1. Among the numbered criteria (1) touching a Phe, Trp or Tyr at 6+ places or on another chain (Cβ under 7 Å); (2) exposed (fewer than 13 other Cβ atoms within 10 Å of the Cβ), which one does residue 146 miss?
2. What number of residues in region 138-159 are of a type outside the set (Gly, Ala, Ser) and either out of contact with any Lys or Arg (no Cβ under 8 Å at 6 or more places or on another chain) or not assigned by TED's automatic domain parsing to the domain that holds residue 227 (or both)?
3. I'm told residue 308 meets every condition in (1) assigned to a strand (DSSP E or B); (2) surrounded by fewer than 24 Cβ atoms within 10 Å (Cβ to Cβ); (3) touching a Gly at 6+ places or on another chain (Cβ under 9 Å) except one. Can you identify the failing condition by its number?
4. In the list 125, 58, which residue meets the criterion of being closer than 30 Å to residue 279 by Cα and outside the structural domain of residue 145 (by TED's automatic domain parsing)?
5. Quick check on region 195-209. Is at least one of its residues in the same structural domain as residue 255 (by TED's automatic domain parsing), modelled with pLDDT under 95, touching a strand residue (DSSP E or B) at 6+ places or on another chain (Cβ under 7 Å) and at positive phi?
6. Where in region 223-294 are there strands (runs of 3 or more DSSP E), lying wholly inside it, with at least 2 residues that are over 27 Å from residue 175 (Cβ atoms) and within 16 Å of the ligand (Cβ to nearest atom)?
7. Hey, residue 367 hits all of (1) surrounded by 13 or more Cβ atoms within 10 Å (Cβ to Cβ); (2) within 28 Å of residue 49 (Cβ to Cβ); (3) over 31 Å from the mean Cα position of the chain (by Cα); (4) of a type outside the set (S, T, N, Q) but one; which does it fall short on?
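The values are calculated or read from the model by the stated rules, or taken from the named source; none is laboratory data. Here the structure is a predicted model, which is why all the values come from computation and not from measurement. Reconstructed Cβ throughout: ideal geometry from the backbone, glycine too, with neighbour counts over all protein chains shown.
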Amino acid sequence: MIMWLFGETVKIGYNSFMKQSELFTKTLRHLPADEETINAQFLTRAGFVDKLMAGVYSYLPLGLLTLKKIEMIVREEMDAIGGQEILMPILHPAEIWKKTGAWTTVDVLFKIKSRTEKDYALGQSEEEVVTPLVMAYVDTYKDLPKAVYQIGWKFRDELRSKSGLLRGREFYMKDMYSFHVDQPDFDRFYDIVKKAYLKIFERIGLVAKVTEASGGTFSQKISYEFMVLTNAGEDNILYCDVCEFCVNEDIAKRKSGDVCPKCNQGKLSQAKASEVGNVFDLGQKYGKDFDLGFKDGNGKKQYPIMGCYGLGISRLMGVVVEKFHDEKGIIWPKAVTPVDLHLINIAKDRKIADKLYETLQTEGFSVLYDETSVSAGEKFANSDLIGIPTRVLVSDKTLKEDSVEIKARNSDKTQLVKIKELVKNLKQ
Ligand SMILES: [Zn+2]
């Protein structure tokens, strides 16, 4: 949890309060240069992120709140299925990557040289670190299964990185690794993870489809990809309009309009999608590469079946913006909005709004309070751009009726609510 104080009243954290005049960021009127995608344009203009270079962003106060909310949802669901959180190094010696062959076969591996000419890699997936780490504690089949995960920065040496948060050279992700005595136990656990992943996307407000593909970078085993339909996506998928069937178009010998091969009822439609999660069945590759095994029931050495489960947290933030926006700006789903309420004062006297700001804090809401002196029109435009789901407006007109005006970001309807009933109304 991130919590720090500015002055006496501004607190940025999970139950955060911010006065807009005290935020060090500002909304930008102009489109950022070299940003082609909606997510990068809106997130930059609204002051959520700032680009350092292609595919590398700073997360600013509002952006970090959303990133941390997504992270917390992912953490809760990984903990719920027995994942144990750890934090592994990002900087790796080249030797472990050479041992598995990935030093030469993984083209996106970020390689760096020290001043003593030693080679290092920056983590993009961490089987090379986690396999010796976990297997050091596994002696017999009784010590399995195990699942560990981490949430942190990852690196990919991308040639092209022009999709905002959808394709980063540096990105924030969750990677989990599981270790099993045999294939059926991996299959059992994969089903559990699949349900947890679908629950994460549902909590955020996204619908994901699961494609199944053979191959992948590491082995000829099966991999699963979790795809969210969005026009900004880099994958083309075919999905059934009746059942769960979904494939990546590149590998499918099918086309749009074909009858679904799984249910024989639905038709296949083509769509662009963004991969937000993946699962690799790693088989025994890493146990064998490091020659790290366990004793089975007969005392014989066996190698573990391993799984790797990735989920892009910064990418999810970009996908959410691609899915939820209009021409004015972002429309955050409630689960991942930086704060609950956008309180806006345009009344001549700020006293009532100031008091409301304190009351809402006491009542447990997180609030961004626009007490700046810019015009009402500019305040509304900023509010639409930032995209907090609920706007609470205090104006001389509403105060005449002892009321404030409530408006949802995704609706044009406004509602007058008596000030003394505001908290009750918001909690409903
Ligand atoms: Zn079907």
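1. The one condition residue 146 does not meet is (2).
2. Looking only at region 138-159, we keep the residues that are of a type outside the set (Gly, Ala, Ser), and these are 138-146, 148-151, 153-159.
Right, trim to either out of contact with any Lys or Arg (no Cβ under 8 Å at 6 or more places or on another chain) or not assigned by TED's automatic domain parsing to the domain that holds residue 227 (or both) and you get 142-146, 148, 153-154, 159.
The qualifying residues number 9.
3. Unmet for residue 308, out of (1) assigned to a strand (DSSP E or B); (2) surrounded by fewer than 24 Cβ atoms within 10 Å (Cβ to Cβ); (3) touching a Gly at 6+ places or on another chain (Cβ under 9 Å): (3).
4. On the way: 125 fails: outside the structural domain of residue 145 (by TED's automatic domain parsing).
Just one listed residue meets the conditions, 58.
5. Scanning region 195-209, I find no residue that is in the same structural domain as residue 255 (by TED's automatic domain parsing), modelled with pLDDT under 95, touching a strand residue (DSSP E or B) at 6+ places or on another chain (Cβ under 7 Å) and at positive phi, so the answer is no.
6. Values: elements: 235-240, 246-248, 268-283.
Result: 235-240, 268-283.
7. (3)
Residue-wise test of (1) in a helix (DSSP H, G or I); (2) surrounded by 18 or more Cβ atoms within 10 Å (Cβ to Cβ).
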position: 383; (1), (2): yes, yes
position: 392; (1), (2): no, yes
position: 407; (1), (2): no, yes
position: 412; (1), (2): no, no
position: 422; (1), (2): yes, yes
